[in-house]
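Contents: one structure, followed by commentary.
The values are calculated or read from the model by the stated rules, or taken from the named source; none is laboratory data. Remember, predicted model here, so these are calculated numbers, not experimental data. Using ideal geometry, Cβ is built from the backbone for each residue, glycine included, and neighbour counts are taken over all protein chains shown. Calculation scope for accessible area: heavy atoms of the full protein, side chains included, ligands and nucleic acids excluded. Shrake-Rupley method; radii C 1.70, N 1.55, O 1.52, S 1.80 Å.
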There are 2 protein chains.
Amino acid sequence: MSHTPLPSTLTRSVEDYLKAIYRLSLGGAPAGTTEIAHLLDLAPASVTGMVKRLSEQGLLEHVPYKGVELTAVGRRAALRMVRRHRILESYLVAFLDYTWDAVHEEAERLEHAVSDGLIERMATALGNPSVDPHGDPIPAPDGTMVELVYTPLSEIPVGQSVELRRVETGQADRLRYFAEHGLVPGAAVMVVARQPFGGPIAVRTSGGEQLLGAELAGLLLCAAGAP
Amino acid sequence: MSHTPLPSTLTRSVEDYLKAIYRLSLGGAPAGTTEIAHLLDLAPASVTGMVKRLSEQGLLEHVPYKGVELTAVGRRAALRMVRRHRILESYLVAFLDYTWDAVHEEAERLEHAVSDGLIERMATALGNPSVDPHGDPIPAPDGTMVELVYTPLSEIPVGQSVELRRVETGQADRLRYFAEHGLVPGAAVMVVARQPFGGPIAVRTSGGEQLLGAELAGLLLCAAGAP
DNA sequence: TGCCAAAATTAGGGGTGCCTAAATTTAATT
DNA sequence: AATTAAATTTAGGCACCCCTAATTTTGGCA
């Protein structure tokens, strides 16, 4: 099955818009221009202008005053950027001694500059991984991705041991904090307490430490039941 | 000794101008705007405009109608780009299976996007090399570079064997041709003939092949006398 | 239903960096 | 010294992508 070719020359700016709209599209609803503006740190009016241009290019569909959705072409372009980003992060951690909290910024710039060929060479060197250091799934070169569904830690019963599979934050300081306490993908943790109403959660790490915090609830995901 | 800090945010375009002007400055004379335009594939009038802006920023000195020269700050910024480019080329060849004729284009884009930190990590992984795969010297992180002076092959007497040290061309097809016949830095060659008036030259490679061509004269450099 | 606040868009403007076409300067030649 | 061709600069414009301020639309709520 052949694809409509992706536009060959997207600017860095356009690539960032597509990534942002893709991220927002995961929420299910069409992305609002203000949401996009917030993610990209731009004024909403600027987004309206760019959105108009990208619609004309067929990368997204815009219903004025309603919202923005990626077209099939736009989604492939966005997933291509996601693949680049996650392969880059994986490569930097595996081969150039980066820590998982330090790779994001570097990948954020490189993803706009590397060729597809280099990404594939890096992927090969890594053994074609399916997840990156944060446990995020890596889209395939053809732009397909299996979104892995994990159970949020906040839904694991008290007393159960599980394996962390994914740490969903890009914030370097949080990642550093998690890493210091062994909360990385693959780690085993036991839920030891929970506040009422789904609030903060407490876990015991394999190192015997006990940690408490609201961040733990949503940011750490796991495969339910796996020790 | 401390340096004037380099401007922290140079655009890709500015970085390319500085690199081009640096290359032309090696010829000794101030660079002309038309020369720069030719190197960057731009209209001469565009160069005049940019040159004006860069002079105001203190990156170069422009004497209207005469020519352009880098200031100390501009030269350091240019050498920083040269280091990035050559470390990147070296890394791609050493660790990601690129051939020396394929790295230029990739490095040309990456050099604008990588952080100084990543370049230094790559340099460390390479063992802090002083020359890149083409034999070109790599500037130090502080922006100093020893320009190695080799004897052009065209000046080696007929019958003498020498070691190639540097292949001075960025043209991928020529590099491929040279590589196919073993003409890479480190190779031993013997000059077997020369046309009158410093014209084309003929060499015998260690593989016993005999090659003739005008390109050989200027593009291949060697350490005189070394076998 | 009518009004209000939030969201989104339009209007107008600025910086960058490129272009073409029209001067202008320089340097070489006669 | 005058002419001329090449190099260079100026003038005027355009595309991109951002901004602020003003206006329009929407959706919820009294």
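Annotations for the structure displayed:
- Taking the numbered list (1) buried (at least 17 other Cβ atoms within 10 Å of the Cβ); (2) in contact with a helix residue (DSSP H, G or I) (Cβ under 6 Å, 6 or more places away or on another chain) in turn, B:HIS134 passes all entries but (2).
- Residue count for the range B:7-58, restricted to those that are among the small types (Gly, Ala, Ser), within 11 Å of DNA strand D (Cβ to nearest atom) and part of a loop (DSSP other than H, G, I, E, B): 3.
The rows are residues; the columns are (1) outside any loop (DSSP other than H, G, I, E, B); (2) more than 10 Å from chain A (Cβ to nearest Cβ); (3) touching a residue at least 60 places away in the same chain (Cβ under 8 Å).
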{"residue": "B:VAL114", "(1), (2), (3)": "no, no, no"}
{"residue": "B:ILE119", "(1), (2), (3)": "yes, yes, no"}
{"residue": "B:THR124", "(1), (2), (3)": "yes, no, no"}
{"residue": "B:PRO133", "(1), (2), (3)": "no, yes, no"}
{"residue": "B:PRO139", "(1), (2), (3)": "no, yes, yes"}
{"residue": "B:VAL146", "(1), (2), (3)": "no, yes, no"}
{"residue": "B:VAL149", "(1), (2), (3)": "no, yes, no"}
{"residue": "B:SER154", "(1), (2), (3)": "yes, yes, yes"}
{"residue": "B:VAL158", "(1), (2), (3)": "no, yes, no"}
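- Check on B:GLU56, modelled with pLDDT of 95 or more, open to solvent by 60 Å² or more (accessible area, probe 1.4 Å) and out of contact with any His (no Cβ under 6 Å at 6 or more places or on another chain): no
- Among residues of the range B:59-73 being of a type in the set (A, V, I, L, M) and within 10 Å of DNA strand D (Cβ to nearest atom), the one that is farthest from B:THR144 (Cα to Cα) is B:VAL63.
- Residues of the range B:87-105 satisfying the condition of being of a type in the set (D, E, K, R) and at the interface with another protein chain (Cβ under 10 Å from one of its Cβ atoms): B:ASP97, B:GLU105
- Answer residue from the range A:67-90, given it is assigned to a helix (DSSP H, G or I) and more than 16 Å from the chain's Cα centre (by Cα) and is farthest from B:ASP97 (Cα to Cα) among those: A:ALA72
- Qualifying residue in the range B:138-147 (condition: surrounded by 16 or more Cβ atoms within 10 Å (Cβ to Cβ) and either within 14 Å of DNA strand C (Cβ to nearest atom) or within 19 Å of A:LEU88 (Cα to Cα) (or both)): no
- Residue selected from the range B:161-174 under the condition open to solvent by 60 Å² or more (accessible area, probe 1.4 Å) and assigned to a loop (DSSP other than H, G, I, E, B), by the criterion nearest to B:ARG80 (Cα to Cα): B:GLU168
- Of all residue pairs spaced 6 or more apart or on separate chains, those with beta-carbon atoms under 8 Å, a first member in the range B:77-88 that is of a type in the set (Gly, Ala, Ser) and a second member that is crowded, with 24+ Cβ neighbours inside 10 Å are B:ALA77/B:LEU18; B:ALA77/B:LEU59; B:ALA78/B:LEU18; B:ALA78/B:ILE21.
- Near pairs, Cβ below 7 angstrom, 6+ apart or cross-chain, from the range A:12-24 (farther than 16 Å from A:PRO44 by Cβ) to any residue that is open to solvent by less than 30 Å² (accessible area, probe 1.4 Å) and within 13 Å of DNA strand D (Cβ to nearest atom): A:VAL14/A:LEU54; A:LEU18/A:LEU59
- Pick from the range A:61-76, criterion free of Cβ contacts under 8 Å to residues at least 40 places away in the same chain and open to solvent by less than 40 Å² (accessible area, probe 1.4 Å), ranking: nearest to DNA strand C (Cβ to nearest atom): A:GLY67
- Residue within the range B:11-23 that is within 14 Å of DNA strand C (Cβ to nearest atom), open to solvent by 20 Å² or more (accessible area, probe 1.4 Å) and modelled with pLDDT under 95 present: no
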